[in-house]
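Structure first, commentary second.
The values are calculated or read from the model by the stated rules, or taken from the named source; none is laboratory data. Only a predicted model underlies this, so the values are computations on that prediction, with no experimental measurement involved. Backbone-built Cβ (ideal geometry, glycine too); neighbour counts: all protein chains shown. Please note that ligands, DNA and RNA were not included when accessible areas were found on the heavy atoms of the full protein model with its side chains. Shrake-Rupley method; radii C 1.70, N 1.55, O 1.52, S 1.80 Å.
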Amino acid sequence: IVVESASLTWDDSHLVLKGDVNFSVEEFLLDMEVDADGLKWEKIEKELKKEDQKKDGQKTEKQNSKKQEIDSPKNKNAQLPPVKGKIKVKLKYFEYGEYTLKPLYADFLLDPDGIKVVVHEANLCGVAVPGVVKLMLPEISVDFRPVSRDEQLKESLECLLRKPVGMTGNFNFRAKIEARAKPQDLLQSLQGNFDLEARKGQFYREALVIKILTALNIRDTIFGERDEVDRKGAAYDSIDVKGNFQSGKFMMKEMVINAPWMKMVAQGDIDLFNQEIDLTLILAPLKNVDKIVSHTPIVGYILGETFISIPVRVRGDLKDPQIIPLSPSAVGE
């Protein structure tokens, strides 16, 4: 069968396909192309669960039923041949939970044992995410190599974290992400590593760094009037972050921020699944240090006459975390 054009509707998704299907006793062989406005993972997941429940029901029936019709030669001959082949898919978007890939171009390789999805082009929050997904029920495995070059930090972070970040600048990002789990546990099973660098941007009121300065009561000491930062922002030179993915969390082994008025290092994790943060950091103001030393009622320590280092912990709800000054002994390597 050669399909020149076919228009289909699945729930509220509209698809157009073309290609051919070859039939034989041994197998059905597909070679199709599908264009669609978009698809949502939750709908696909429902179908996968139905198929999984169907297989479980068949196993139970075979074990408990006294009838032998299921295993009879007649019944086996009546079964359809397996479906194999390739379906090229072009989607304007693909939704997975709160996140959306725009666009998504992939090849679906069909086999009786499962489906292999080779993602050629996909974009998530300004990051390209080529990779491979294997659907071998009841598990799914993924292997992606995200990369981003010279993208806008503010737009990408707000898309990823689902909150205002108050940061600008251009960034580069590369990572390796792998996971193998049941569909509902996929995000929590993510493993891999990542490397992010941002250059020449601004911190504004919503930025975590500015919130820390405000909580420590040293923001105005460094910048003067409060609305100065709100209007112009606080410039930074570089942000470098290295870490890995573990159990659905961004585990930051090293974060270094360099700015004309401040240096900061941090370690900790960001849990996107539960929207939580837990960071320990050291903030070293490089401007108006003498005023900070004499006016700040927090625990800190002084090196020489011109340097103060302030240890802080940030934890709790990602949208509104607690900022807690620490003693020097609480800070590790």
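Per residue, how much accessible area does segment 168-210 show when a 1.4 Å probe rolls over the protein heavy atoms, in square angstrom?
Accessible area per residue, segment 168-210: 50 Å².
Packing-wise, with mean Cβ within 10 Å as the measure, how do 170-176, 255-261 rank, highest first?
170-176, 255-261
What shape does segment 87-178 take by its C-alpha gyration tensor, where a ≥ b ≥ c are the square roots of the eigenvalues and a/c under 1.5 counts as rounded, a/b above b/c as prolate, and the rest as oblate?
prolate
Taking the Cβ of Leu326 as the center, what net charge do the other residues with Cβ under 12 Å away carry, scoring Lys and Arg +1 and Asp and Glu -1?
With Lys, Arg at +1 and Asp, Glu at -1, the neighbours total +2.
For segment 101-155, what does the accessible surface come to per residue with a 1.4 Å probe? Please give it in Å².
Ligands and nucleic acids excluded, the result is 52 Å² per residue.
Zone of Lys176 (label point 7 Å along Cα→Cβ, backbone N under 12 Å): which residues in segment 130-148?
144-146
Over segment 116-176, what percent of the accessible surface lies on carbon and sulfur atoms, probe 1.4 Å?
Within segment 116-176, the accessible surface is 55 percent carbon and sulfur.
Counting Lys and Arg as +1 and Asp and Glu as -1, what is the net charge of the other residues whose Cβ lies under 12 Å from the Cβ of Ala215?
Neighbour charge sum, excluding Ala215 itself: +2.
Distance between the C-alpha centers of segment 6-50 and segment 145-177? Whole Å please.
That distance is 33 Å.
Based on the Cα coordinates of segment 215-262, what is the per residue volume of their convex hull in Å³?
Values: hull volume 5.6 nm³, N = 48.
About 117 Å³ per residue, rounded to a whole number.
Relative to the compact-globule scaling 2.2 N^0.38 Å, provide the ratio for the alpha-carbon radius of gyration of segment 102-254.
Normalised Cα radius of gyration, segment 102-254: 1.29.
Expected output is a single nm value to one decimal: the length gained when fully extending between Met136 and Asp31, i.e. 0.36 nm times separation in residues minus the C-alpha distance. What is it?
Result for the pair: 35.7 nm of gain on full extension.
What distance in nm separates the simple spin-label points at Asp230 and Asp107, each placed 7 Å from Cα in the Cβ direction?
For Asp230 paired with Asp107, the spin-label model returns 5.6 nm.
I'd like the Karplus ³J(HN,Hα) series for segment 274-284: coefficients 6.51, -1.76, 1.60, θ = phi - 60°, whole numbers in Hz, and an x wherever there's a Gly or Pro.
9, 6, 10, 9, 8, 10, 10, 9, 10, 10, 10
So what's the net charge close to Lys134: Lys and Arg +1, Asp and Glu -1, counting the other residues with Cβ under 14 Å from its Cβ?
-3
For segment 192-294, what value does the Rg/Rh ratio take when both radii are computed over Cα atoms and Rh is the Kirkwood radius, given to two decimals?
1.00
Amide H of Glu276 versus every other amide H placed in the peptide plane: which residues, excluding those fewer than 5 positions away on the same chain, fall under 5 Å?
Hits under the 5 Å cutoff: Asp271, Leu318.
Can you list the residues, at least 5 places off or on another chain, whose amide H is less than 5 Å from the amide H of Ser309, using H built in the peptide plane?
So Ser309 has HN proximity to Tyr301, Leu303.
Name the residues whose placed amide hydrogens come within less than 5 Å of the amide hydrogen of Ala235, ignoring near sequence neighbours (fewer than 5 apart) on the same chain.
Result for Ala235 returns Phe203.
With contacts defined as alpha carbon pairs under 8 Å and 6 or more residues apart, what's the relative contact order of segment 172-280 in percent?
Reported as a whole number, the value is 23 percent.
May I ask you to evaluate 6.51 cos²θ - 1.76 cosθ + 1.60, the Karplus curve with θ = phi - 60°, for each residue of segment 153-162 and list the ³J(HN,Hα) values in order in whole Hz, giving x for glycine and proline?
5, 4, 4, 5, 5, 5, 5, 6, 8, 6
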